[in-house]
Amino acid sequence: MTDPVRDAAACVAQALGITMAELTEIASTLSASDQPARSDGENLLLALGEIVRSEPSRYDLVDAAEAAKILGVSRSRLHLLAETKPDFPQQRYPHLAGKLWRRQDIDVFNGTWDRRVGRPPKTT
């Protein structure tokens, strides 16, 4: 039987670009401490917290609404950019509510994107 907490920790780790080996190593140090006994899943979630606290900007994820706001476009335009621009950041993790990207990746794209205002001219 699978542990839903462990599965959730694995999904979050994947979204953040953290390997299970890294996560498991930190979780093992947490389980060896003088804290009360916890499940493996709980230790993994605590390890995720430790990793994110160590470098918060590296693990700052944004959804489509926030990414669109950063870029100054609608969500539908954001999705079009994601599909058509080869230099658009790769999503970090698709979840039920939508795609997630690293804020830092969206900021870099925003600074390098050759934005053209208005519709392209008609060709006849």
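Looking at the range 26-39, can you tell me whether even one residue there is touching a residue at least 12 places away in the same chain (Cβ under 8 Å) and either charged (D, E, K, R) or in contact with a Cys (Cβ under 8 Å, 6 or more places away or on another chain) (or both)? Scanning the range 26-39, I find no residue that is touching a residue at least 12 places away in the same chain (Cβ under 8 Å) and either charged (D, E, K, R) or in contact with a Cys (Cβ under 8 Å, 6 or more places away or on another chain) (or both), so the answer is no. Checked against (1) loosely packed, with under 11 Cβ neighbours inside 10 Å; (2) at pLDDT 90 or above, PRO36 meets all criteria but (2).
Within the range 40-71, the set of residues being within 18 Å of VAL108 (Cβ to Cβ) and free of Cβ contacts under 8 Å to residues at least 12 places away in the same chain comprises GLU55, PRO56, ALA68, LYS69. Among helices (runs of 4 or more DSSP H) entirely within the range 36-124, having at least 1 residues that are closer than 14 Å to VAL12 by Cα singles out 40-54.
Per-residue answers, yes or no, for (1) of a type in the set (S, T, N, Q); (2) exposed (fewer than 14 other Cβ atoms within 10 Å of the Cβ):
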residue: VAL12; (1), (2): no, no
residue: LEU16; (1), (2): no, no
residue: THR19; (1), (2): yes, yes
residue: GLU25; (1), (2): no, yes
residue: SER28; (1), (2): yes, yes
residue: ASN43; (1), (2): yes, no
residue: VAL52; (1), (2): no, no
residue: ALA67; (1), (2): no, no
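For the range 45-74, which residues satisfy the criterion of being out of contact with any Gly (no Cβ under 9 Å at 6 or more places or on another chain) and basic (Lys, Arg)? Scanning the range 45-74 gives ARG53, LYS69.
The values are calculated or read from the model by the stated rules, or taken from the named source; none is laboratory data. Source: prediction; values computed, not measured. All Cβ positions, even for glycine, are placed from backbone atoms using ideal geometry, and neighbour counts span all protein chains on display.
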